[in-house]
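The values are calculated or read from the model by the stated rules, or taken from the named source; none is laboratory data. Computed from a prediction, not measured in an experiment: that's the story for all the values here. Neighbour counts run over all protein chains shown; Cβ positions are idealised from the backbone, glycine included. Just the protein is used for accessible areas: all its heavy atoms, side chains included, with ligands, DNA and RNA removed. Shrake-Rupley method; radii C 1.70, N 1.55, O 1.52, S 1.80 Å.
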Amino acid sequence: ALIGGVAGLCWHKLPLQNRTLRLIAAILPAHLLGSTIVNSLALHIFYAYPWSALALRVPNMLGQVVVEVLVLRALLANAAFRKVAGL
């Protein structure tokens, strides 16, 4: 919920006109906060994961950001999707 909430808030509050930059600027901090920081902290606290193992989550998060930006760009290029989404 944190990732979606932060991404949605950033998307609506950022004044960027370029859709791709706006997507990156919305998705990257959302995953950084939600996936990398909060989830890693929870794994460390509840399951005693070592920090060295949790560092491997950063490249995974960056890969997820790239995939999400590409998928959302493809969806936003579709006029029917934009109409349904109210964009």
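Points worth noting:
- Filter result for the condition that a residue is at pLDDT 90 or above and either touching a Gly at 6+ places or on another chain (Cβ under 7 Å) or surrounded by fewer than 16 Cβ atoms within 10 Å (Cβ to Cβ) (or both), over VAL58, VAL67: VAL67
- Of all residues in the range 23-42, those satisfying the criterion of being open to solvent by 40 Å² or more (accessible area, probe 1.4 Å) and free of Cβ contacts under 8 Å to residues at least 12 places away in the same chain are ILE37, LEU41.
- Here the range 1-13 is the region considered, the condition is being out of contact with any Ser or Thr (no Cβ under 8 Å at 6 or more places or on another chain), of a type in the set (A, V, I, L, M) and assigned to a helix (DSSP H, G or I), and the residue that is nearest to LEU70 (Cα to Cα) is ALA7.
- When LEU16 is tested against the conditions (1) open to solvent by 50 Å² or more (accessible area, probe 1.4 Å); (2) part of a helix (DSSP H, G or I), the lone failure is (2).
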